[in-house]
1. Name the long-range amide H neighbours of ALA342: under 5 Å, sequence gap of 5 or more, or other chain; modelled H, no Pro or chain starts.
2. Heavy atoms only, 1.4 Å probe, whole protein assembly: order VAL427, VAL124 by accessible area, highest first.
3. With every protein chain kept in the model, how would you rank LYS115, LYS530, LYS180, LYS96 by accessible area, 1.4 Å probe, largest at the top?
4. Express the accessible area of region 40-144 per residue in Å², computed with a 1.4 Å probe while the remaining protein chains stay in the model.
5. Quick one: what are the phi-derived ³J(HN,Hα) couplings along region 28-44, Karplus 6.51/-1.76/1.60 with θ = phi - 60°, whole Hz, x for glycine and proline?
6. Would you mind checking LYS309/LYS491; LYS239/LYS530; LYS224/LYS576; LYS93/LYS390 for any pair whose Cα atoms are more than 21 angstrom apart?
7. HN-Hα J couplings of region 210-218 from phi, Karplus 6.51/-1.76/1.60, θ = phi - 60°, integer Hz, Gly and Pro as x?
8. Kindly state, to the nearest 0.05, the FRET efficiency for GLU550 paired with VAL496, given R0 = 35 Å and r defined as their beta-carbon distance.
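The values are calculated or read from the model by the stated rules, or taken from the named source; none is laboratory data. The model shown is predicted, which means the values in this text are computed figures rather than measured ones. Here the Cβ is made from the backbone with ideal geometry for all residues, glycine too, and neighbour counts use every protein chain on show. Note: accessible area is taken over every heavy atom of the protein model, side chains too, but ligands, DNA and RNA are not part of it. Shrake-Rupley method; radii C 1.70, N 1.55, O 1.52, S 1.80 Å.
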Amino acid sequence: MDLNSLTAFFHRLFAFDANSPLLFTQFYFWAFFAFVFAAFSLLHRRRLLRNAFLFFVSLFFYYKTSGLSVLILIFVTCSDFLIAQCIDRAGKKGWKSFWLCLSIFIDLGLLCYFKYAYFFTDFVNTVFGSHIEVHDWFAAAGNAIAGQPRFNVDRIVLPVGISFFTFQVISYTVDVYRGKVKPVKNILDFGFYVSFFPQLVAGPIVRASEFIPQLYKPFFLGRKQFGIAVFWIINGLLKKIILSDYIAVNFIDRVFDNPLLYTGFENLAALFAYSLQVYADFSGYTDIAIGVAMLMGFYLPQNFNSPYKASNPQDFWRRWHMSLSYWLRSYLYIPLGGNRNATFGTWFFIVLFAVIAVLLSGSWAVSVAFIGIAAVLGIVAALKPEHRKKIIANINRFITMLLGGLWHGASWNFIIWGGLNGIGLVVYQFWKDSSWWIKALSVSILTLALGLLCKFSPAPLWRLLFIWASVIAAGTLVRYVYHLFKGKGCKTLAYVWGVVQTFTFITFTRLFFRSGSNLDPAVANEEAWKTAKNMVNQIGSAWDLSLIPEICASYWNVFLLVVLGMFIHWLPERFKRWYRMNFALLPLPLMALVVVAAAFIAYQFITADLQAFIYFQF
């Protein structure tokens, strides 16, 4: 090998390639991890050296994933490390609050700049009729330092995983402020906590109280833990490559890229298949992260608990992206007042989202209605103390879901998605406490109203909602009659009915989630809304049923994988635990054989271009 070839090899090895970020599904990553694990096995007894080594290789991992954005990660690591020390040393609560606010201002300021610059610029231009253009000031500063135009100043590139590590450092400083954890004394230890590479770019969001104590524990990897770790890695890779990438490339992406070219049935099938894809993709990443971390003796929290087994929206959010749900509850919902009271933050966000509603709808009536509903609920809460707790809790719950939607992306579609999930949570809270005759009457009135809309103002959206409402009304009436004559009814059938309705509801909210994904922030709003509207029009229009058998024959392999994936998902948890433990206890030669077989099967499904994990963009 000559010098030029050697130079080119090392350049590919260590340089950042924006077109090929480092992924768990790449051979490069597993070569990287083999090196890390080999060095780790030599250093694990020396705690400080071990943590420092993992900190620096994590920075390298992030550099290979997001380039010079690693400087942002280093900056927030240093700033929050120092600010946490100041919080701990401050004698008066006022100074503690000052340092905490400074930390949150810095962290959210960076997050908002990189993630929401286009969103807020559009907002300002719409309100004031201005023509402000986005300018990357960090790139401009880099050009000034370099003395030449090396960076593009006309476009802000979103750093991979910035939302995850930003939320993680915010939780750390808040917990230090609350006295739940003591600040980490060594910046190398703290840097390792913030940047630990398995969970750095897509979670789970690790709470300081869970992970920091592990920094000081000696390494331990038992025989069973090793088997479980290998299981999670293989499980995650199979989910990602087979149940996510394959069905996405061969069906879902095609439909979402141009919904009008496909029938209503194909659009509906792609929407339901996307629910499996996003779960397999995100939980697959989490499985691999948990397995890789476990091999090094570190334990990450569970992030998914079979979410499509949920029988109501509240149960779903207790099972889906559990680390984010916990973060939103602990650091947003409870500070807003939770189920105790409405704070200044509650009313601030009500006004903010009312303004957003004006821009979204183009009508002041929507904003007035939004504020009016909130005001009526506030008055009722004040005059009816017995209802106050429930009303306030639901207002704060709805705001939390709206902000959770905004966390996912700087697009109106993500706000709509968050709002729909918020409505689902609020409706469920009232539904579960309502008597059966009120349930039956309310869904009957809703179905009748939608039926009248279909008749006098026909539109695909009304037709779609009418069909769904009719199914819910029929099921509710059957359960109401059963309740009248046989008491509580069949719990198993009621649970299955709840699972089906919850899965359907969550799937349709994902129409707005998927439409806003994988888009340049500069064009996300317009393109996402157009995609969502076109899909609703196709699904809600009249179907040619004679085409369905032909469509099923054309995509039989994709549909078979979707059915198989959902079947595995709905298997009883005790059965999953049984085969997981039996795999972990296999003799090592047999375990290696199973791993090779799994890798061979996964290889058959690998697409031409490896697909980035969906949550990398968040």
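1. Amide H neighbours of ALA342, under 5 Å, 5+ apart: none.
2. On the way: VAL427 85, VAL124 50 Å².
Greatest to least solvent exposure: VAL427, VAL124.
3. Numbers: LYS115 10, LYS530 100, LYS180 120, LYS96 50 Å².
From most exposed to least exposed: LYS180, LYS530, LYS96, LYS115.
4. Details: 5490 Å² over 105 residues.
In whole numbers, region 40-144 has 52 Å² accessible per residue.
5. So the Karplus estimates, Gly and Pro as x, are 4, 4, 6, 5, 4, 5, 4, 5, 4, 5, 5, 5, 4, 5, 8, 10, 4 Hz.
6. Numbers: LYS309/LYS491 15 Å; LYS239/LYS530 30 Å; LYS224/LYS576 16 Å; LYS93/LYS390 32 Å.
Going by Cα-Cα distance, LYS239/LYS530; LYS93/LYS390 fall outside the 21 Å limit.
7. With the stated coefficients, region 210-218 comes to 8, 9, 4, x, 6, 4, 10, 8, x Hz.
8. Values: r = 31 Å, r/R0 = 0.88.
With a Förster radius of 35 Å, E is 0.70.
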